[in-house]
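To start, the structure itself, in structure tokens.
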Amino acid sequence: MRRLAILDLGRMKHSDAFQVQQQLVEQRKSGQGTDTLLYVEHPHVVTVGRNGKNEHLLASPEILARTGIQLVETDRGGDVTYHGPGQVVGYPIIDLREWKRDVRAYFRAVEQSLIDALSALKVKAGRIPEPGYEGVWVDGAKIAAIGIHISRWVTSHGFALNVDTDLTYFKYIVPCGLTKPVCSLRSIGNQATRQQVQDAITDAFANVFDFQVEMAEQKLQETR
């Protein structure tokens, strides 16, 4: 069975977490290291993916900066999204040559992992079977966004699941280019802790991808 290392980065700036991702990606591309699932919580940041549209930013960079929100362009797929305190953000660094060389299958497997994790937390979540509505939904509101990047079959970027996120920050964007509402575990009345959410995701991820989980020995200090 393949091994999956779990590394919790704590709260870390988006740029610093991206550097960690890139280090692990280069290791996996060269056949070294171990597939890793990074957990992180970001300070307020709006990220723009490769398919991002300017009209989906509802505030200027100056207004975002005055509000304490960083604006970052990324190489992930997808449109515009928000990351901030109260989210569980996960970045799987996986060599798909050892699983399936299938981009769509990988994306769907990440979705399924989050759906299964939420089910374990007594939340009925699912997909909206229409083009453009990727991610995970609860009663028509988006609870988790997914945006991935794959280079030489090694994955980076990943998902953001709203736990006790301040949803008012989503007013500065059109999340993922959609006008549908967003929700969080707290907004639907679920009191699961951040650690409970991460544990549920880890278990579901291991099951869907057939991994044996191990905790990484390295624990990076928080960068605020």
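All of the numbers you see were taken from the coordinates with simple rules; none came from a lab. Given the structure is predicted, the values throughout are model-derived calculations rather than measurements. Cβ coordinates were reconstructed from backbone atoms using ideal geometry, including for glycine residues, and neighbour counts include every protein chain displayed.
A few comments on the model shown:
- The stretch 26-95: C-alpha pair distances exceeding 20 Å, %: 42 percent
- Calculated P(r) tail over 14 Å for the stretch 40-133, as whole % of Cα pairs: 76 percent
- Unsatisfied cross-links (Cα-Cα over 18 Å) in the set Lys100/Lys142; Lys122/Lys171; Lys142/Lys180: Lys100/Lys142; Lys122/Lys171
- Summing Lys and Arg as +1 and Asp and Glu as -1 over all other residues whose Cβ lies under 14 Å from the Cβ of Glu98 gives a net charge of +4.
- Antiparallel DSSP beta bridges within the stretch 2-215, percent to nearest 5: 65 percent
- Computed FRET value (nearest 0.05) for Leu58 with Gln22, which takes r as the C-beta separation and R₀ as 41 Å: 0.85
- Convex hull (Cα only) mean projected area of the stretch 151-213, reported in nm² to one decimal: 6.3 nm²
- FRET efficiency, Ser119 to Ala216 (Cβ-Cβ, R0 30 Å, nearest 0.05): 0.70
- Choice from Pro61, Pro175, Pro92 with maximal GNM fluctuation in the chain (Cα, 10 Å cutoff): Pro61
- Solution diffusion estimate, µm²/s, Stokes-Einstein, the chain, Kirkwood Rh from C-alpha pairs, 20 °C, viscosity 1.002 mPa s: 123 µm²/s
- Diffusion coefficient (Stokes-Einstein, Kirkwood radius over C-alpha pairs, 25 °C, 0.890 mPa s) for the stretch 107-224: 159 µm²/s, rounded to a whole number.
- Debye, to nearest 20: dipole size of the chain, +1 on Lys, Arg Cβ, -1 on Asp, Glu Cβ: 260 debye
- Full-extension gain in nm, Thr193 to Asp166, via 0.36 nm per residue minus C-alpha separation: 8.2 nm
- Candidates Leu118, Leu185, Leu96, ranked by Gaussian network fluctuation over the chain, Cα under 10 Å, top entry: Leu96
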